[in-house]
Amino acid sequence: MVIHFLNTDIPKSKNLEIALSYIYGIGRKEAVFICKKLGLNSKVSFGKLNDKAYSNLSNYIEFNYTHGFHLKRLKRQRINFLIKLKCYRGIRLNLGLLVRGQKSRNKKLRRHF
């Protein structure tokens, strides 16, 4: 069984720490921090929370974090901006090459968008 929370399907059986890390842009560390901030036990099952806890979680995450498709769109806009500038990083991104100084001799090259 899954719960649809902040445009993400999260299994009910997962504990809160793991369940929050299903949301794109929130990792395990941030999930633990959010639980501490809101006074929630991070080991409690996600399906056992009440409606007030769900609303507190969603309001806190919406207000304090960029997450989900908003974050994906922001990342894509930054990459397209670099490509449009035709700076060194933008050219390398456009060609599908490594950008941050890694060795490319034995790496698989891939497109970033």
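The values are calculated or read from the model by the stated rules, or taken from the named source; none is laboratory data. Because the structure is predicted, anything quoted here is derived from the model rather than measured. Cβ: placed from backbone, ideal geometry, glycine included. Neighbour counts: every protein chain shown.
Tabulated data
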item: Unique match (being loosely packed, with under 15 Cβ neighbours inside 10 Å, under 16 Å from the mean Cα position of the chain (by Cα), more than 30 Å from Gly101 (Cβ to Cβ) and among the polar types (S, T, N, Q)) among Asn41, Asn7, Asn50; result: Asn7
item: Matching entry among Gly96, Gly68, Gly90 (being at positive phi and either surrounded by 16 or more Cβ atoms within 10 Å (Cβ to Cβ) or touching a helix residue (DSSP H, G or I) at 6+ places or on another chain (Cβ under 9 Å) (or both)); result: Gly68
item: Search result, residues across segment 1-19 that are touching a strand residue (DSSP E or B) at 6+ places or on another chain (Cβ under 8 Å) and among the hydrophobic types (A, V, I, L, M, F, W, C); result: Met1, Val2, Ile3, Ile10, Leu16, Ala19
item: Single condition Ile23 does not satisfy, out of (1) at pLDDT 95 or above; (2) assigned to a helix (DSSP H, G or I); result: (2)
item: Residue list for segment 26-56, filter: part of a helix (DSSP H, G or I) and in contact (Cβ under 8 Å) with a residue 40 or more places away in the chain; result: Phe46, Gly47, Tyr54
item: Residue satisfying condition, being touching a helix residue (DSSP H, G or I) at 6+ places or on another chain (Cβ under 6 Å) and within 21 Å of Asn7 (Cα to Cα), within set Ile83, Ile61, Ile26; result: Ile26
